[in-house]
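This report refers to the structure that appears directly beneath it.
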Amino acid sequence: MPFAGGAPDVAEMLAAWVTRYLTLAVVGVRSEEVADKIALHLQRFTAFYKDGYGHERIRNVLKRDVLAWQRSLSDRGLAPATVNNHLASLSGFTTWVHAQAPHLFAVGDPAKGISELGLPPLEPRTLSPEQVRSLKSVCDRLERFHQLRGRRWTKTPEQLRLRSTGRPLRDRAIVYVLLSTGLRREELVNVDLDQVTPNTPTDLRRARQGRITRVQGKGRMERTVFLSADARAALADYLERERPRDATDEATALFLSAVGLPARSAGGRLSPRAINLLLEQIGRWHDAELPDARRPISPLRPHDLRHTFAFHLARVTGADAYELERRLGHRSQRYIQRYTNPPEAVAASYVEEF
């Protein structure tokens, strides 16, 4: 393409090709979530390239520039898997451009032949049976942790009062549901009350089985998950004693944030960030009460409970890949293998038995 006044023609600009690629090959073809990630990754490469050279002529992009970007992402502290995802987005783009205009790149596809970064061992953080037992013990006593402190509130047991925004029964139910279903935090906050069967306190206490249907995971996959006896009992307590206080006419979510919180959404639905915060607090309470070097769980994260459920499911099903895919909402065998490989501490305990 010719240059005018030293400036590249629009058809030579990297940003223009990115826009064309997204419009013709990504948006409407890939899911909205994936399309947004690809767009973000390509915007980052465009900014990196322009910062380095002061222009964005696509024909000047070389393999050394892609390698430099890979190193830059790694130096910023991004996980190897995240860096590889960025490179995969760029490779998809350059492959498409090279197919549309074979002679555009000066020395061929600049992302071709670049190796991915090595990934760390696939070892999920799984709670041991002893940690699960002590975690449940703390959860069954969460009301004590939410009580107001000071002489004013502790004269007699009858006068003990909870913090106005404290929801110990809700938080206990969240932990038990995560442990018995392996839901991701986004999946959990998106569950509506009508997806739970049964969904009344009386029926939950009587039922010998409970489930959450139409759980929508990544890739819009839907699945059904089952509720343990502990989860059913915890949900019954929450639905009977706490949820009515926070429910409005617009409330459809199973788990609601407390009335009075400034950041409460219109329908009261909890945010994924709120799940992180309440689990982190429960983890700190657990470790403060049980200073046992073998049982620390803090920082407690939603995925720790998902991994714990998955590892237990893998053991009781003999690592049945089909059942793991159905209950966890995964299609990738790479992720399924994460749950069939025991953590180091568990594997060490196997050796002790011989």
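Here is a yes/no grid of residues against (1) surrounded by 14 or more Cβ atoms within 10 Å (Cβ to Cβ); (2) closer than 23 Å to Ala16 by Cβ; (3) under 29 Å from the mean Cα position of the chain (by Cα):
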{"position": "Ala39", "(1), (2), (3)": "yes, yes, yes"}
{"position": "Arg44", "(1), (2), (3)": "yes, yes, yes"}
{"position": "Gly52", "(1), (2), (3)": "no, yes, no"}
{"position": "Arg57", "(1), (2), (3)": "yes, yes, no"}
{"position": "Val61", "(1), (2), (3)": "yes, yes, no"}
{"position": "Arg76", "(1), (2), (3)": "no, no, yes"}
{"position": "Ala81", "(1), (2), (3)": "no, no, yes"}
{"position": "Leu90", "(1), (2), (3)": "yes, yes, yes"}
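Which of the residues spanning the stretch 92-102 are more than 29 Å from the chain's Cα centre (by Cα) and either surrounded by 17 or more Cβ atoms within 10 Å (Cβ to Cβ) or of a type outside the set (S, T, N, Q) (or both)? Can you show your working first?
Taking the stretch 92-102 as the starting set, the residues that turn out to be more than 29 Å from the chain's Cα centre (by Cα) are 94-102.
Passing the criteria: Thr94, Trp96, Val97, His98, Ala99, Ala101, Pro102.
Answer with yes or no whether Thr82 is in contact (Cβ under 8 Å) with a residue 12 or more places away in the chain and under 23 Å from Ser31 (Cβ atoms). Full working, then the answer.
Working: in contact (Cβ under 8 Å) with a residue 12 or more places away in the chain: no; under 23 Å from Ser31 (Cβ atoms): yes.
Answer is no for this residue.
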Problem - Near pairs, Cβ below 9 angstrom, 6+ apart or cross-chain, from the stretch 245-256 (free of Cβ contacts under 8 Å to residues at least 60 places away in the same chain) to any residue that is in a strand (DSSP E or B) - result: Arg245/Leu256; Ala247/Leu256; Thr248/Leu256; Ala251/Arg269
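Of the residues Ala258, Ala266, Ala234, Ala251, which is part of a helix (DSSP H, G or I) and either assigned by TED's automatic domain parsing to the domain that holds Ala314 or in contact with a strand residue (DSSP E or B) (Cβ under 8 Å, 6 or more places away or on another chain) (or both)?
Values: Ala258 fails: part of a helix (DSSP H, G or I); Ala266 fails: part of a helix (DSSP H, G or I); Ala251 fails: part of a helix (DSSP H, G or I).
Only one candidate qualifies: Ala234.
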Fill in the blank from the handout: The residue that is nearest to His86 (Cα to Cα), considering only those in the stretch 16-61 that are touching a Leu at 6+ places or on another chain (Cβ under 6 Å) and without any contact (Cβ under 8 Å) to a residue 40 or more places away in the chain, is Ala39
Handout entry: Candidate set from the stretch 182-237 (those that are surrounded by fewer than 16 Cβ atoms within 10 Å (Cβ to Cβ) and under 16 Å from the mean Cα position of the chain (by Cα)); member that is nearest to Ala251 (Cα to Cα)
Key = Glu186
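The values are calculated or read from the model by the stated rules, or taken from the named source; none is laboratory data. Note that the coordinates shown come from a computational prediction; the quantities given were computed from them, not determined experimentally. Heads up, the Cβs are rebuilt from the backbone with ideal geometry, glycines too, and the neighbour counts pull from every protein chain shown.
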